[in-house]
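Structure first, then comments.
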Amino acid sequence: MNELTEQEINRRNKLEKYRELGIDPFGQKYEVKNTAKEVKELGSPYTHEELEEKNIEVSVAGRIMFIRKMGKASFFSIQDRSGKIQIYIKKDNVGEEQYNLFKMADIGDIVGIKGKIMVTMTGEVTINCETYTHLSKALRPLPEKFHGLTDIEERYRRRYLDLIMNEESKRVAMLRPKIIRAMQTYFDSLGFIEVETPVLQNIKGGATARPFITHHNALDTDFYLRIATELHLKRLIVGGLEKVYEIGRLFRNEGMDKTHNPEFTTVELYQAYGNLDSMKEICEGVMKEIAKKVIGKMQFKNPFDPESDTLIDLEKPFEVLTMCDLIKRETGVDFKNNNYTFDEAKELAKKFNVPVEAHFNSVGHIINAFFEEYGEKTLIQPTFLCEYPIEISPLTKKEKDDPRFVERFEFFMGGKEFGNAYTELNDPIDQRERFIEQLKEKERGNDEASEMDEDFVEALEYGMPPCGGIGIGIDRLIIFFSESESIRDVILFPQMKLR
């Protein structure tokens, strides 16, 4: 008790008083019939006199956020997930016992209110309390200025307090499932089947990333937390499900910043008999569906550049651009029409201050490095960036006219990548060769290179139909649609440094 504040001691001392009154300080079941928002909607069309005549009874519950105690009548407000509602409580209405119980209340306590809707002289819709029920005692006082900038780390560490005190955090938390539900509804309407695949995998595959490793005691072997859902979903295409998608968590043992969290959510979708154009249609369609049906607008601020006045427009058709054309536009270097040797490409990289990593062994790696240095940040409006080098796309079908490149796009907005799509590689012989090249990259020091997946190659040998596939990062998507500043704002419990 010596470590507690005076307020905390006073709150704990009230526990026994509740028990003496025969009241459980931490409450029982309570029948909630209305939300704060519903009460306001029910009362707002009417005058005080009309509401007295209508006699609308309501039952709400929530956390006390404000109290103005006055003699025999008082005002206070409670907050539920829909917002706040004012309560008027009068001793003559609820009786002496309940009014005395109310006078024991502290800000932060959770209570139930039954009464009738009224409007105050200032025009505020209010509940005239007829029955006051104590539900749960708050033993700690709420912070007064919790959502100030100085407390931003605490907002993420103690999300429960952030949700109580910060309306914007609650708005984003409730927007996230609406966006995900809209995606599910849209994909379902196109005939796709939602499935689940393993989180624990014995081979690191489906993407180039550094995994988390765990040990499976029963099998006495190491497993990876999945870095992608791709290879299992493609097995389902082989199995004949034809149109599948999965919304799920992925885990990559990498850095953290405003757009990256080691544990994140994606949707991956695969369509038999589709291709890259099919994925463009689906990607553009689902973006516009969310904007129209969930958000209700088509122009958005760029959350990744808060100082910019440029609005990102989802109404217009999305732009299509190749990686080499973008590099040529920004630097003048034409990788598409010049067959540079690797040494020549390295010299160009040196000239343009483009980093060359130890595992690079081809012009394709240099092309991608040029793009990351000069191109990505320029893609502000919705853009499908196409024709990626084969070296960085081990699961993708080659371009018919130029085997240096593959049928792949990444979807960009605001200078950030949101989605990655392929015309999927379904040639098992080519796929085996790509895996072998990835193993060679791993030997050269690329820890993120893919491993050989013999079972997946075997599945392809039974025949996989022509197929299009796409993965979309849901957390980054919600940053965009909620116009938030950081991935930590859209994940309820982001990873944090240990104290």
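The values are calculated or read from the model by the stated rules, or taken from the named source; none is laboratory data. Note that this is a predicted model, so its numbers are computed, not measured. All Cβ positions, even for glycine, are placed from backbone atoms using ideal geometry, and neighbour counts span all protein chains on display. Accessible surface is based on the protein model in full, side chains and every heavy atom, while ligands, DNA and RNA are left aside. Shrake-Rupley method; radii C 1.70, N 1.55, O 1.52, S 1.80 Å.
Divide by every residue of the chain the summed helix terms, -39500 (n - 2.57) for each DSSP H run of at least 4, and state the resulting mean residue ellipticity at 222 nm, rounded to the nearest 500 deg cm²/dmol. Write out the running numbers ahead of the final one.
Values: 16 runs with 162 residues, N = 499.
Using -39500 (n - 2.57) per qualifying helix, the result is -9500 deg cm²/dmol.
Legend: residues Y186, Y245, sorted from most to least accessible area (1.4 Å probe; ligands, DNA and RNA excluded), read Y186, Y245.
Can you classify the stretch 247-294 as rounded, prolate or oblate using the Cα gyration tensor, where a ≥ b ≥ c are the square roots of its eigenvalues, rounded means a/c under 1.5, and otherwise it's prolate if a/b beats b/c and oblate if not? Because a/c hits 1.5 or more and a/b fails to exceed b/c, the stretch 247-294 counts as oblate.
Rounded to two decimals, what ratio of Rg to Rh does the stretch 430-499 give with C-alpha atoms and a Kirkwood Rh?
On the way: Rg = 18.8 Å, Rh = 16.1 Å.
Using Cα coordinates only, the ratio equals 1.17.
The magnitude of the dipole of the stretch 236-352, with charges of +1 and -1 set on the Cβ of Lys/Arg and Asp/Glu and taken from the Cα centre, is near 160 debye.
With all protein chains in place and ligands, DNA and RNA left out, the 1.4 Å accessible area ranks L4, L460 as L4, L460, largest first.
The calculated Kirkwood hydrodynamic radius for the stretch 373-427 is 11.6 Å, given to one decimal from all distinct C-alpha pairs. Semi-axis lengths, largest first, of the ellipsoid equivalent to the chain are 56, 25, 23 Å, with √(5λ) applied to each eigenvalue of the Cα gyration tensor. In the stretch 245-312, what percent of the accessible surface is made up of carbon and sulfur (1.4 Å probe, ligands and nucleic acids excluded)? The nonpolar share, carbon plus sulfur, comes to 43 percent.
Restricted to Cα atoms, the stretch 1-94 shows a radius of gyration and a Dmax of 16.8, 55 angstrom.
Using a Förster distance of 22 angstrom, determine the FRET efficiency expected from the C-beta separation of E461 and N202, and round it to 0.05. Each step should come with its number before you reach the end.
Values: r = 20 Å, r/R0 = 0.90.
Approximately 0.65, to the nearest 0.05.
Stokes-Einstein at 10 °C, 1.306 mPa s, Kirkwood radius from Cα pairs: D for the stretch 113-255 in µm² s⁻¹? Don't skip to the end; give the middle numbers.
Details: Rh = 20.7 Å.
Translational D for this selection: 77 µm²/s.
Ligands, DNA and RNA aside, S82 has an accessible area near 50 Å² when probed at 1.4 Å.
Calculate, in whole percent, how much of the Cα-Cα pair population of the stretch 383-460 lies beyond 20 Å.
Details: 1145 of 3003 pairs.
I get 38 percent for the Cα pairs in the stretch 383-460 exceeding 20 Å.
For the stretch 399-497, the list of trypsin sites (Lys or Arg not before Pro) that fall in a loop by DSSP and count at most 16 other C-beta atoms within 10 angstrom reads K400, R444, K497.
For the stretch 65-147, just say rounded, prolate or oblate: build the C-alpha gyration tensor, square-root its eigenvalues into a ≥ b ≥ c, call rounded for a/c under 1.5, and beyond that prolate if a/b exceeds b/c, oblate if not. All intermediate terms of the calculation are to be shown ahead of the outcome.
Working: a/c = 1.72, a/b = 1.21, b/c = 1.42.
Because a/c hits 1.5 or more and a/b fails to exceed b/c, the stretch 65-147 counts as oblate.
For the listed residue pairs K280/K350; K351/K497; K54/K293; K178/K416; K91/K137; K178/K204, the alpha carbons are over 29 angstrom apart in K280/K350; K351/K497; K54/K293; K178/K204. The alpha carbons of the stretch 271-346 occupy a box of 51, 43, 17 Å along the principal axes, longest dimension given first. For the residues T310, T122, a 1.4 Å probe over the protein chains yields an accessible-area ranking, largest first, of T122, T310.
So if a site counts as exposed when it's one of the GluC sites (Glu not before Pro), its DSSP state isn't H, G, I, E or B, and it has at most 12 other Cβ atoms within 10 Å, what's the longest stretch of the chain without one? Result for the longest clean stretch: 358-499.
Once all protein chains are placed together, S308 keeps about 40 Å² accessible to a 1.4 angstrom probe. Using Cα-Cα distances under 8 Å and only pairs 6 or more residues apart, what relative contact order does the chain have, in percent? Relative contact order of the chain: 13 percent. In this structure the chain gives 51 Å² per residue of accessible area when probed at 1.4 Å with all protein chains present. Rounded, prolate or oblate: which one fits the stretch 223-326, using the alpha carbon gyration tensor with axes a ≥ b ≥ c (rounded when a/c is under 1.5, else prolate when a/b beats b/c, else oblate)? It is oblate, given that a/c is not under 1.5 and a/b is not larger than b/c. Per-residue surface analysis assigns K14 an accessible area of about 40 Å², computed on protein heavy atoms at 1.4 Å probe radius.
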